[in-house]
Each structure stands twice: as C-alpha cells, then as structure tokens.
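The values are calculated or read from the model by the stated rules, or taken from the named source; none is laboratory data. What you are looking at is a predicted structure, and each value in this text was computed from that prediction instead of being measured. Please note: Cβ atoms are built from the backbone with ideal geometry, for glycine as well, and neighbour counts cover all protein chains shown. For the accessible areas, the whole protein counts, side chains as well, though only heavy atoms, and no ligand, DNA or RNA atoms are used. Shrake-Rupley method; radii C 1.70, N 1.55, O 1.52, S 1.80 Å.
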Amino acid sequence: MNRKQKIHIKPGQIVVHIVIIILLFLVLFPFYVLIVNSFKLPKDILINPLSFPGTAEVPIVLGAYGKAWGYIKNYLWNSVVLAFFEIAGVLSIASFAAYGFARFHFIGKNIFFTIFLSFMMIPGILTLAPQYALVYSTFGLGQTISGVALPAIAGGMPVAIFLIRTFFSGVPDSIFEAAELDGASHVRRFLMMAVPLSLPILFTIGLSTLLGAWNDIIWARLILYGKEDLYTISVGVFVAFNSETNKSITDTVIYAGYCIASLPLVIAFCFTSKQFIKGLTMGAIKM
C-alpha cells in the first residue's frame, strides 16, 4: 500500500503566489471596468462603474459598439496598414543584417555590431526633434504613413538585429557547411535554414513591433497632424473621443471604442502566443 506523499509548501512559494495574484488582479481589473461599462447606459456608469450589466437596474446596451465602429473603422484600417509595413520592414531588414553579422566574417564586424547595440541605449524621446526635421524637411514625408513607418522601422533595428543574430549564431555550423557542400547559396541557406529555425524570435519581434505600431501616439500624432483621414487607431481614438464639439460621444461609446481598438491585439496574441513565449524563453537561454 503506497503512502501518499505529503506536499510541503514553503512560505516563499505562498508569498510568490500571493504577489502573482495581486499583480494579475491589477492587470485584469481595468479590462473588467472597460468591458462592463461598454454595455451600460451613461447614467449607470456614473452611478456604479463596477456593477455588472444584465439586471433590471442595469440593462445591457449594445448600440454603443455600432456608434464606436462608425468613428474608428477608418483609423483601424490605417493602423493595420502601418503595422504591416513596420513588421515587414523590421523583420526583413533585421534578419538580413543579423545573418550577415552571424555568418560572414569581415573587418570591423564586432565594431559595427557594438555600434548597433549602442543605439539601444539612446532614449527615443531624445531623437524626436531631429527625426521630425529629417522626415518633414529633408524627405518631405510629413502627413504620410511612410513618415510614421520609416523612423519606427529604423528605431526597431538594434534590438531586432541583436535578438535575431543570437538565434542565427546558435544554429550549428555543420548544418550550413553541409548545405554549402550541396551547392546551396547564402540566400538559399538564409531562406531555407536560418529563417525557419528562428521563427520563434521572428514571431516575438513581429508581435512587439505590432504593439509599438498600434499603441504609438506621440510620433503618429506629430507626423499626421492635420491629416485626419490617415490617423492611426491610437491617434484617432484620442482625437475623436476627446472632442468637445461632438456631444453624441458618450462614455459608453468611448468604452466600446477602446474595446474594439484592443480586440485586434488580443486576437493577434492568441494566434502567436506559443511562438511568442517560445521566442522569449529560447532567447533568454541563448543570451
């Protein structure tokens, strides 16, 4: 007869679990307030913003989502286009550069790579003014999606190159040497071997770039000022829902608009969460 093993719970484990539960509550509570208030009448929000809709006292209201969608649908599409260009630009350029740093040998390689890494230490806010002058005056890309995307792609290069190079360097040399003996060119080795083996970190960087493109408000607002038809979702929601001239936008519509704006990111994470977490953990081990 097997005796049941006693489970010994250490005090430290209890403290860790309590801290995790508290942090989880702090993260989820704002989402609860956001979602439940998007289904209420404005007067019910003022009376009790924490109450759950679905009772006789607090009925469920669905019309706010239709109104909110009418305000932000164009902004949503602009953000999709911007995010696509930023993700494609960061992943393609950074992966090519990372492959060069990992597989090629040339004079000054370590110096150039160190210079790239040094840009990670420069706060983005310090380069805001020169970037604005460069985009507007030198390239004439003011009030364009390109003016928003190109600096963001350039800003994402240091971290992306560093992480992807780490993965490329972790691929055994014997794999590339065998492919070289079979006559595979560097381009084929890059596309058929390096990229597929590094998909986790590519998903991680892609999702991080998506978050940056979706949530950026300072740079997008600065470049797209006066061009409302090109506003991204973050800028459009901020401008539309803080307008004092449009009295038809109630608190319920604002909450519904924020829910709609957040939904694409939630969907994207649901489809890429496994690769995203795998990329984070594998990168942590290799670095």
| query | Quick one: would you say N78 is of a type outside the set (K, R) and either modelled with pLDDT under 85 or in contact with a Lys or Arg (Cβ under 7 Å, 6 or more places away or on another chain) (or both)? | reply | no
| field | Where S95 falls short, out of the listed (1) more than 25 Å from the chain's Cα centre (by Cα); (2) of a type in the set (S, T, N, Q); (3) open to solvent by less than 40 Å² (accessible area, probe 1.4 Å) | value | (1)
| remark: Going through (1) over 24 Å from V33 (Cα atoms); (2) among the small types (G, A, S); (3) touching a residue at least 12 places away in the same chain (Cβ under 8 Å) one by one, A184 fails only at (3)
| task | Filter region 42-80 down to the residues that are part of a helix (DSSP H, G or I) and among the β-branched types (V, I, T), then identify the one that is most open to solvent (accessible area, probe 1.4 Å). | result | I47
| Only one of (1) of a type outside the set (F, W, Y); (2) touching a residue at least 24 places away in the same chain (Cβ under 8 Å); (3) open to solvent by 20 Å² or more (accessible area, probe 1.4 Å) fails for V171. Which number is that? | (3)
| message | Being open to solvent by 60 Å² or more (accessible area, probe 1.4 Å) and of a type in the set (D, E, K, R) is the filter here; which residues of region 174-197 pass it? | response | E177, E180, D182, R188
| request: Given the conditions (1) surrounded by 17 or more Cβ atoms within 10 Å (Cβ to Cβ); (2) over 10 Å from L82 (Cβ atoms); (3) of a type in the set (F, W, Y), report the number of the one that W214 does not fulfil. | output: (2)
